[in-house]
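Undergrad: Let me give you the structure first, and then I'll get to my questions.
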Amino acid sequence: MDLNNYRSDLPEKLAVTMAARAAHVLGLNSDGDVVKPARGLYPHQWSWDTAFIAIGLSALDVDLACRNLDALFTGQWRNGMVPHIVFDPDAKGYFPGPDRWACADVSGEAPATPLTSGICQPPVHAIAALHTVRAATRRDNSTASAAIRWAETFLPKLLSWHRFLVRERTDASTGLVRIFHGWESGMDNSPRFDGPYSRVRPGPDLPPYERRDLKYVTDAGQRPTNQEYDSYLWLVEEAKHAGYDQQVLSRSSSFNVGDVFFTALFAAANDDLAELADLVRAPEVAEARGYAERARAAVAARTGPSGLATDIDLRTGEDLEAGTIAGFAPLIAGQLSAHEVDGMVKLLQGICWAGHPGFKWALPPSTSPCSAHFRARSYWRGPVWPVTNWLLTWALGRAGAEQAAADLRRTALEQVVVAGGLAEYYEPYTGEVLGTVNHSWTAAVVVDWLCADDWPRPASMTRRITG
Ligand code: 2M8
């Protein structure tokens with residue numbers, strides 16, 4: 001078969017090969033139980049990556065999925081925050097590392113071990129936990145009951161994390177989750193944050209530093225700029241200066257954004273937390289439902305006539321209209337009417353998103369090609385990310401738009417197969433692989449997509465990852 005002309009559904013043999021390859025990448029990126037995002041560029045455990053990785057692993061090895069989530073939560077702070085990085089003391093070469101964050105030195109909330117960063121990332125963990133438990137219940141009885149027992153132990157940790165987001169991070173006036181760093185959104189250099197970053201002024205006392213990311217991605221144009229890195233590092237200094245105190249930061253941080261996508265994921269995660277609590281007969285079902293409703297209402301209040309939602313700069317009150325994938329927050333938040341879902345699907349498939357006539361694949365990029373901020377090769381400013389495709393397929397399926405979900409999933413898989421690499425992100429016009437080429441969350445969503453279709457799963461896939 002000529003893969004360059006490949007356009008139709010994956011034949012079974014190719015699907016199995018692809019799934020095995022994705023499982024192999026997860027194995028390549030693991031140290032013991034813990035699957036890191038990528039060798040070299042991201043050698044520690046990342047927060048929302050771990051959630052997506054667990055989603056993929058749950059199709060291969062439920063227990064390993066649980067162990068990855070547990071490993072991440074060993075870094076949970078006393079106030080409930082799940083840090084965006086849990087550092088591996090043996091892995092070097094990532095900047096900023098634990099010394100630069102100095103969390104345990106300046107905050108009594110941070111654990112002394114493991115060492116962590118001092119900010120968080122979107123709360124996909126409850127979604128991953130429920131996904132994992134559901135995968136287990138489709139297996140044999142002993143896998144199912146082990147997963148339920150695990151969920152009983154994991155639920156209090158999830159609750160403490162969600163309570164942190166409600167107590168420390170929910171903006172009273174908008175109901176949105178506030179973030180103090182673009183890294184917290186997971187979409188680091190997205191044009192969503194150009195306005196807020198223009199107001200971050202790195203001082204002359206910014207300690208010197210050396211970027212390490214450019215050793216692994218040699219085309220600097222695919223990564224954030226040096227100027228952006230100065231702002232990123234300056235915000236770390238500000239957070240340290242505030243002792244990572246969330247209330248102090250809400251007044252002092254020069255970056256303070258009400259993030260619609262984070263809030264939408266929080267709504268969806270609370271729906272799943274409620275379901276998980278129900279499954280293990282815990283009393284917090286109503287509490288989680290309440291959080292979900294309030295987060296969903298906050299996203300709805302930021303949704304314009306187009307159907308897309310807009311972040312807000314909480315320092316200035318400015319609407320952060322930038323034409324990014326985060327606009328699809330209402331779809332992620334869930335519980336839209338059939339009419340609203342239909343509108344979202346039309347937008348998603350329209351010429352300003354997946355249906356852009358110049359694109360190689362009908363997939364939504366991180367920033368709309370109709371936006372003046374669109375950059376085809378630059379990280380979160382334009383490329384297509386399999387992980388956001390997964391979130392959209394998941395949200396569409398949940399909203400009952402099964403055909404749109406299936407089309408998106410099929411095309412996203414075809415892109416990965418034809419490009420020949422499980423890349424971090426892809427160039428929308430050419431389909432070229434960008435960033436790192438063996439990225440775990442890409443591998444994880446590929447495993448989930450393939451297994452969700454009940455394609456055969458060879459035993460070798462499980463062996464490769466579990467050793
Ligand atoms: C990217 O972010 C990190 C900082 O957290 C980096 O560029 O060094 C983002 O894509 C983020 O969403 C992701 O979690 C992380 C690891 O894959 O990489």
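Readers should treat all values here as calculations from the given coordinates under stated rules, not as data from a laboratory. This one's a predicted model, so the numbers in the text were calculated from it and none came from an experiment. Counting neighbours? That spans all protein chains shown, and the Cβs are built from the backbone with ideal geometry, glycine included.
Undergrad: Within region 45-78, work out how many residues are buried (at least 24 other Cβ atoms within 10 Å of the Cβ) and assigned to a loop (DSSP other than H, G, I, E, B).
TA: 4
Undergrad: Scan region 31-44 for residues that are assigned to a strand (DSSP E or B) and within 15 Å of the ligand (Cβ to nearest atom) and jot them down.
TA: Listed by number, the residues that qualify are V34, V35, A38, Y42.
Undergrad: Next question, about the same structure. Scan region 174-198 for residues that are closer than 25 Å to G243 by Cβ, within 15 Å of the ligand (Cβ to nearest atom) and not aliphatic (A, V, I, L, M) and report the count.
TA: 10
Undergrad: I need every pair where a residue in region 223-236 that is closer than 9 Å to R211 by Cβ has its Cβ under 7 Å from the Cβ of a residue that is of a type in the set (D, E) and within 10 Å of the ligand (Cβ to nearest atom), sequence separation at least 6 or different chains.
TA: Note: pairs meeting the criteria are R223/D213.
Undergrad: While we're looking at this one, here's another question. P357 versus (1) surrounded by fewer than 19 Cβ atoms within 10 Å (Cβ to Cβ); (2) in contact with an Asp or Glu (Cβ under 8 Å, 6 or more places away or on another chain): which is the lone unmet condition?
TA: Condition (2) is where P357 drops out.
Undergrad: Something else about it: Scanning region 90-110 for residues that are assigned to a helix (DSSP H, G or I) and free of Cβ contacts under 8 Å to residues at least 12 places away in the same chain, which turns out surrounded by the fewest Cβ atoms within 10 Å (Cβ to Cβ)?
TA: Filtering region 90-110 for residues that are assigned to a helix (DSSP H, G or I) and free of Cβ contacts under 8 Å to residues at least 12 places away in the same chain, the one surrounded by the fewest Cβ atoms within 10 Å (Cβ to Cβ) comes out as D99.
Undergrad: Grab the helices (runs of 4 or more DSSP H) fully contained in region 199-292, keeping just those with 1 or more residues being more than 16 Å from the ligand (Cβ to nearest atom), crowded, with 16+ Cβ neighbours inside 10 Å and of a type outside the set (F, W, Y).
TA: Of the helices (runs of 4 or more DSSP H) lying wholly inside region 199-292, those with at least 1 residues that are more than 16 Å from the ligand (Cβ to nearest atom), crowded, with 16+ Cβ neighbours inside 10 Å and of a type outside the set (F, W, Y) span 226-241, 246-252, 260-279.
Undergrad: State all residues of region 79-89 that are more than 14 Å from the ligand (Cβ to nearest atom) and either buried (at least 24 other Cβ atoms within 10 Å of the Cβ) or among the hydrophobic types (A, V, I, L, M, F, W, C) (or both); if no residue qualifies, say none. If you could, list the steps in order and put the result at the bottom.
TA: The first filter runs over region 79-89 and keeps only residues more than 14 Å from the ligand (Cβ to nearest atom), leaving 79-81, 89.
Passing the criteria: only M81.
Undergrad: If the requirement is being polar (S, T, N, Q) and touching a Phe, Trp or Tyr at 6+ places or on another chain (Cβ under 7 Å), which of these qualifies: S190, S145? Reasoning before the result, please.
TA: Numbers: S145 fails: touching a Phe, Trp or Tyr at 6+ places or on another chain (Cβ under 7 Å).
So the residue among S190, S145 that is polar (S, T, N, Q) and touching a Phe, Trp or Tyr at 6+ places or on another chain (Cβ under 7 Å) is S190.
Undergrad: Do you know which of the residues in region 368-382 that are within 15 Å of the ligand (Cβ to nearest atom) and not basic (K, R) is farthest from T225 (Cα to Cα)?
TA: In this case the residue turns out to be G382.
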